[in-house]
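The values are calculated or read from the model by the stated rules, or taken from the named source; none is laboratory data. Computed from a predicted model, the values in this text were never measured in an experiment. Note: ideal-geometry Cβ built from the backbone for every residue, glycine included; neighbour counts use all protein chains shown. These area figures cover heavy atoms from the full protein model, side chains too; ligands, DNA and RNA do not enter into them. Shrake-Rupley method; radii C 1.70, N 1.55, O 1.52, S 1.80 Å.
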Amino acid sequence: MITEIQSIHEKWMLEAIRLAEIAYEKDEIPVGAIVIKDNRIIGRGYNQREILKDPTAHAEVLAITAAANTIADWRLDGCTLYVTKEPCAMCAGAIINSRINNVIFGCYDAERGYCGSIADLCGDPRLKNDITVRGGIKEQECLSLIQDFFKTRRKS
């Protein structure tokens, strides 16, 4: 059973990685996210801060917005967010406010991660939510994308 769940998480994370690769190609920090409900993608997003000139255009926020538009409801009960990097404080707030049930992420972010690294907003009982968070899915692939992106930028 554990390996079946792991392979499902890896399958969906590969889709989030594909979106992160699009962000990379567009010279955005390569983070991709999808929202799943009833075993189908209802929202997709990748970082677009530079393209949209919008500081809130993180992959998670864009995927959550797309999902809400798809189901015509801001309440994303029964949904899972897959994202290639641990969500920041802003994105963790969006996750809580959208009522997403599960967050599965790729690589940890010791500098800006708010789903366990710096703090755990999604798991904080004072915020009265019941979000399950799991990190480290396809961690090396997700981390490599970000590291390669910044290595390339430093050489320019």
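Among what's in region 55-72 and is over 13 Å from the mean Cα position of the chain (by Cα) and open to solvent by 50 Å² or more (accessible area, probe 1.4 Å), pick the residue that is farthest from R99 (Cα to Cα).
Result: P55.
Within region 114-156, which residues are in contact with a Lys or Arg (Cβ under 8 Å, 6 or more places away or on another chain) and modelled with pLDDT of 95 or more?
I118, C142, I146
Can you tell me which residue is nearest to R75 (Cα to Cα) among those in region 20-41 that are open to solvent by less than 10 Å² (accessible area, probe 1.4 Å) and hydrophobic (A, V, I, L, M, F, W, C)?
V35
So for region 85-99 (the condition being charged (D, E, K, R), closer than 17 Å to R44 by Cβ and surrounded by 20 or more Cβ atoms within 10 Å (Cβ to Cβ)), does at least one residue qualify?
Scanning region 85-99, I find at least one residue that is charged (D, E, K, R), closer than 17 Å to R44 by Cβ and surrounded by 20 or more Cβ atoms within 10 Å (Cβ to Cβ), so the answer is yes.
Tell me, which residue of region 100-145 that is part of a helix (DSSP H, G or I) and polar (S, T, N, Q) is surrounded by the most Cβ atoms within 10 Å (Cβ to Cβ)?
Of everything passing the filter in region 100-145, S144 is surrounded by the most Cβ atoms within 10 Å (Cβ to Cβ).
Answer yes or no: is there a residue in region 66-77 that is in contact with a helix residue (DSSP H, G or I) (Cβ under 9 Å, 6 or more places away or on another chain) and within 19 Å of L14 (Cβ to Cβ).
Yes, some residue in region 66-77 is in contact with a helix residue (DSSP H, G or I) (Cβ under 9 Å, 6 or more places away or on another chain) and within 19 Å of L14 (Cβ to Cβ).
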